[in-house]
Amino acid sequence: MTLTEKILARAAGKARVEAGDNIWVNADVLMTHDVCGPGTIGVFKREFGKNAKVWDRNKVVIIPDHYIFTADSKSNRNVDILREFVKEQGIPYFYDVIDDPEGTWKFDEVRGNLQRQYGSRYAGVCHTALPQKGHTRPGEILFGTDSHTCMAGAFNQFATGIGNTDAGFVMGTGKLLLKVPETMHFRLEGKMQPGVMAKDIILHVIGEIGFDGATYRAMQFDGAGASSLSIDDRMTVANMAIEAGGKNGIFEFDAQTAAFVDYRCKLNGTKSTYQPVERDRDEKFVYDLVVELDKLEPTVACHPDPGNRKLAKELSHIKLERAYIGSCTGGKTSDFLEFARVLRGRKVAIDTFGVPATPEIVHDLQTARWGEQTVWEILVDAGVRMTENAGCAACLGGPVDTFGRINTPMNCISATNRNFPGRMGHREAKVFLASPATVAASALTGKITDPREFLS
Ligand code: SF4
């Protein structure tokens, strides 16, 4: 069996499963957020009764992150609905934007978009927060009401996005009926060259198979090249499995995975036992691709979809009005460090927005020093508009006052993960997806630029 099949078989209580089998699996964690949480709660109450209790309050994780730092009252209300539900159910893992369980949050005009507007429990973007807060474990099943839930496949976990109806059912029963996906195999070999990042790997892969090339399939990444990737890199790759239509993305378990997961579970006092899955000799794949990492170059997914692949060096004729770094995919500490390495001592030529994925990343950037300055100060000096309000921000547009939202037609280069028309706001804007290094180089020149031009 493949890694995915092994996890699903175990979760179904079966010795073996095959692609195409329909099986009932037990969920280990159900995650929801402010966009889909209220809808999920509505389905749960409608189907199980208004006094129903969730199947296991320790397995429901609620992370407001999408439409948070906005004056839009309907968005604010969504977070209030989550808070009321958590109180009613006694759910311990709720990463509220405020500390007062009886309070409500309102946008503070004085602090504005840049200064911190959250309390001590707020965790930022759900997919980055889940591992940081100790909720991702090898061999487990994670369902989330968000398509990029597949990011947790970096931890040798079956993680996939589900809709509100399915999530309402999981909330009541802890189970879900799933068809076992076929598995596509991506063997990574070699090492990335300077200026090339994990984002380039996944943009290359999606360019090979198309933005629907993995529809309802598992994407398994392994090989020596996969082992050489950091945990952050694996998260970037697994995150974008859905951009090829994948059901999930998954990596092997190794010492790096163990070190990360063990540390985070201990730090947060979450469940620390787990059972990883290993590769079998009889794995059956529907597709095989070897990706030679040392041959990859900085890559861009052009408007209007993540599979529209070109090399950055071929696109220097594309003028830009905006650069954006952030999101679960591109807003991690390591992403900002690569971004800062290119920008250090230089000035951006276009509007450039920086949105760390989580408060912990804000803290990392504000405390990491390169010489006399923190990385945060280096970025601000370079002209980047850095916000302390970690979250999804303009990755998916959001209310019109969302930080970095594209409100007029323009070209934007972005370290995010999706670029269908309207994704970051205006329907006529064009979004070009790239690595943080390519976004930084392009911000310096005002046109799409290969970052190797700025790396000595
Ligand atoms: S940062 Fe973007 S892709 Fe990630 S969860 Fe938020 S909206 Fe979705």
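Read the figures in this text as sums done on the coordinates, not as results from a lab. This structure is a prediction, so every number in the text was calculated from the model and none was measured. Backbone-built Cβ (ideal geometry, glycine too); neighbour counts: all protein chains shown.
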Sparse-neighbour loop sites [trypsin sites (Lys or Arg not before Pro); the range 400-456; at most 12 other C-beta within 10 Å; DSSP]: Arg427
What does the charge add up to near Glu189, with Lys and Arg as +1, Asp and Glu as -1, over the other residues with Cβ less than 13 Å from its Cβ? -1
Going down the list Lys74/Lys133; Lys175/Lys284; Lys59/Lys175; Lys14/Lys175; Lys59/Lys266; Lys59/Lys87, which pairs span over 23 Å between their C-alpha atoms? Lys74/Lys133; Lys175/Lys284
Would you compute, from DSSP H runs of 4+ residues alone, the mean residue ellipticity of the chain at 222 nm, taking -39500 (n - 2.57) per run and dividing by the full residue count, rounded to the nearest 500? -8500 deg cm²/dmol
Pull out a ≥ b ≥ c, the square roots of the eigenvalues of the alpha-carbon gyration tensor of the range 3-177, then state rounded if a/c is under 1.5, prolate if not and a/b is larger than b/c, and oblate in the remaining case. prolate
Express in whole angstrom the spacing between the alpha-carbon centres of the range 201-222 and the range 157-199. 12 Å
